[in-house]
Amino acid sequence: MIGDRHRSRGVGKDQGEPMKLTTLTTGLALAVAGIALAFPSEGQAQKRIEQQNGPWKHRGAGVVFPDRVGQFERTSITEYTSNGRDGSVGYRLVNDDGTLILTAYLYPKVDGANCAEIFADAASHIAKNPGAQEERIWLSPSPDRARASAALSIRYAMPENYTGEGRPASLSDLYLYCPAKGDWLVKYRATWFGGTAENFPDPLDLMSAIDWRAAER
């Protein structure tokens, strides 16, 4: 089973192809209903990288993550495998409306699973949390905004104390991009505390400031 981080390593032969919303919704319904998707996984070797300032380069793909983009401030760097091919970078945005916590994941593709299956499995883990309510599902641009309807997105409304005692209710987005070229998947979880759907900051303001070309070669 793929964990909330991702636990699968990629998409199959149809990766990068446009997906009809009805097909995606059906896949999510199956996953939420409890159909387990089994994918190979590597042994975990989670390591937090201590680097407060300056750009950080993903060891596998060569994508560079800045320490600040507009109001987004980098807060964490984590590698999940010893070779650094599976990693994530956390960012935080704070404004008058609330706090956005975003974790961007970059990890390798593998054979045997398509993009919709990986996305549905990840969404099912969120849906299983007590009180989680699906708000909407849609097709999103690629991380650089160059291609419309190129990625999968879903939003959940999460109850109070979901992430810890005293934490307010939140809206939480899951996003997955499976490029047709290259060997990598791009995913993020973006959770908006204290605000509303109307003032939810656009995570692509951060994602589009990152140069993803190294992950699509």
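The values are calculated or read from the model by the stated rules, or taken from the named source; none is laboratory data. Every value quoted in this text rests on a predicted model; they were computed, and no experiment measured them. As a convention, Cβ positions derive from the backbone with ideal geometry for all residues, glycine included, and neighbour counts pool all protein chains shown. Just so you know, the surface numbers come from the protein's heavy atoms only, side chains and all, with ligands and any DNA or RNA stripped out. Shrake-Rupley method; radii C 1.70, N 1.55, O 1.52, S 1.80 Å.
Table: residues versus (1) within 23 Å of residue 97 (Cα to Cα); (2) of a type outside the set (Phe, Trp, Tyr); (3) more than 16 Å from the chain's Cα centre (by Cα); (4) modelled with pLDDT of 95 or more.
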residue: 137; (1), (2), (3), (4): no, yes, no, yes
residue: 142; (1), (2), (3), (4): no, yes, no, yes
residue: 171; (1), (2), (3), (4): yes, yes, no, yes
residue: 175; (1), (2), (3), (4): yes, no, no, yes
residue: 180; (1), (2), (3), (4): no, yes, yes, no
residue: 183; (1), (2), (3), (4): no, yes, yes, no
residue: 190; (1), (2), (3), (4): yes, yes, no, yes
residue: 202; (1), (2), (3), (4): yes, yes, no, yes
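Kindly evaluate residue 66 against the criterion of being closer than 27 Å to residue 182 by Cα and in contact (Cβ under 8 Å) with a residue 12 or more places away in the chain. So residue 66 fits the description; yes. Contact annotation: residue pairs with Cβ atoms under 7 Å, 6 or more positions apart or on different chains, pairing a residue in the range 138-162 that is more than 17 Å from residue 176 (Cβ to Cβ) with a partner that is part of a strand (DSSP E or B) and among the polar types (S, T, N, Q), are 157/133; 158/170; 158/172; 162/170. In the condition set (1) assigned to a loop (DSSP other than H, G, I, E, B); (2) modelled with pLDDT of 95 or more, residue 129 is compliant with all but (2).
Considering 143, 203, 168, 159, the condition of being over 27 Å from residue 58 (Cβ atoms) and touching a Phe, Trp or Tyr at 6+ places or on another chain (Cβ under 8 Å) is satisfied by 168 alone. For the condition part of a loop (DSSP other than H, G, I, E, B), among the β-branched types (Val, Ile, Thr) and open to solvent by 10 Å² or more (accessible area, probe 1.4 Å), residue 191 does not qualify.
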